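Novice: Please read through the structure below; I'll follow up with questions.
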Amino acid sequence: MRAQQVTEPVADHGEGPVWSDRWGGLRWVDMLAGDVLSLGADGAVSRRHVADVVAALRPRRQGGAVLAVERGFALEDADGVVTPLDPVWQDDGVRMNDGGCDPHGRFYCGSMAYDQRPGAAGLYRLDPDGTTTTVLEGVTISNGLEWSPDGSRAYYNDTATHRIDVFDYDPDTGLTGRRPFAEIPDGGSPDGLTVDAQGGVWVALFDRGAVWRFTPEGRHDGVVDVPAGKVTACTFGGPDLDQLFITTSQEGLQPGEDPLAGALFRADVGVAGLPAREFGG
């Protein structure tokens, strides 16, 4: 399978695509610019600045969005007003990076150090009542987090491990039983991920110009080639959730080095995804 270009290179570091009917379509982030991008029905891209850094977002059940900003979380109301919450940490050498919502309306986001130093990051949870909890420590580059269709498992990437891990999930005990799910050979770098309605796990590979699919048993069984090298994340969207949208990055590249880096791509992959889980607060 090969992805088709949807936009021009509109993002320096495109990340975190999410499709929501509540929003009327697709949103994603230009992370280090602090901007949320939206794809219009006519293919036009609109851009809105929300913070110094915006790493991830999900729709809120009451309208608006929950956002991961540089050192914590923020809430956007239905009118687009963004209210930052108290920082989760004070170290300005660490920023949020990627996250998602669990089946019970709690928003998780993980971090990374700007210099990518090992073990400096973690994974954090924002509950609907506004409390935050540290879920994991000693992480290096916290990336893709998404749940299985039945909500019993969660898939997670710490990119530096070169593998996808899986947790058991229970609303009372949270994420437990972390174990390897699939390895990326030759030191590959797994970035964002999503899960389809059949339980397949789709993983963006930051160093491969591709998205790989794994079966629920962890067997690699599909590839989407992307005509840009730094592939960052993917999500299902479209009216029937049967299109895989893929974000890319041009961070650190020289002009003309990778001409389509930073563009948004789309692929028809023959399977549908799941509706975006929403934040309950």
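Novice: What is the sum of charges, Lys and Arg at +1 and Asp and Glu at -1, for the other residues whose Cβ falls under 10 Å from the Cβ of residue 96?
Specialist: Result for the local shell: 0.
Novice: Compute, for residue 162, the solvent-accessible surface of its heavy atoms (probe 1.4 Å) with the complete set of protein chains present, and express it in square angstrom to the nearest 10.
Specialist: For residue 162, the solvent-accessible surface is approximately 70 Å².
Novice: Looking at the stretch 163-220, which trypsin sites (Lys or Arg not before Pro) are DSSP coil and have at most 12 other C-beta atoms within 10 Å of their C-beta?
Specialist: 219
Novice: Taking all protein chains as present, what is the carbon and sulfur share of the accessible area of the chain, in % to the nearest whole number, probe 1.4 Å?
Specialist: 45
Novice: Let me ask you something else. Determine the sum of side-chain charges near residue 50: Lys and Arg each +1, Asp and Glu each -1, restricted to other residues whose C-beta is under 9 angstrom from that of residue 50.
Specialist: -1
Novice: Compute the separation of the alpha-carbon centres of the stretch 230-257 and the stretch 133-166 and state it in Å as a whole number.
Specialist: Rounded to whole Å, the Cα centres lie 20 Å apart.
Novice: Sticking with this one: Rank by packing, highest mean first: peptides 55-66, 131-142, with packing defined as the count of other Cβ atoms within 10 Å averaged across residues.
Specialist: 55-66, 131-142
Novice: Measuring with a 1.4 Å probe in the full set of protein chains, what accessible area per residue, in whole Å², belongs to the stretch 146-281?
Specialist: Averaged over the residues of the stretch 146-281, the accessible area is 38 Å².
Novice: Might you work out the accessible area of residue 279 for me, using a 1.4 Å probe with all protein chains in place, and round it to the nearest 10 Å²?
Specialist: The accessible area comes out at roughly 0 Å².
Novice: Give me the net charge for the shell around residue 231: Cβ to Cβ below 10 angstrom, other residues only, Lys and Arg +1, Asp and Glu -1.
Specialist: Neighbour charge sum, excluding residue 231 itself: -1.
Novice: Relative contact order of the chain, please, whole-number percent, based on alpha carbon pairs below 8 angstrom and at least 6 residues apart.
Specialist: After rounding, I find 20 percent.
Novice: Next question, about the same structure. Leaving out ligands and nucleic acids, and using a 1.4 Å probe, what accessible area per residue does the stretch 1-144 come to in Å²?
Specialist: 41
Novice: How high is the relative contact order of the stretch 1-133, in percent, with contacts defined as C-alpha pairs under 8 Å that are six or more residues apart?
Specialist: 13
The values are calculated or read from the model by the stated rules, or taken from the named source; none is laboratory data. Every value quoted in this text rests on a predicted model; they were computed, and no experiment measured them. Neighbour counts run over all protein chains shown; Cβ positions are idealised from the backbone, glycine included. SASA here: full protein model, heavy atoms, side chains in, ligands and nucleic acids out. Shrake-Rupley method; radii C 1.70, N 1.55, O 1.52, S 1.80 Å.
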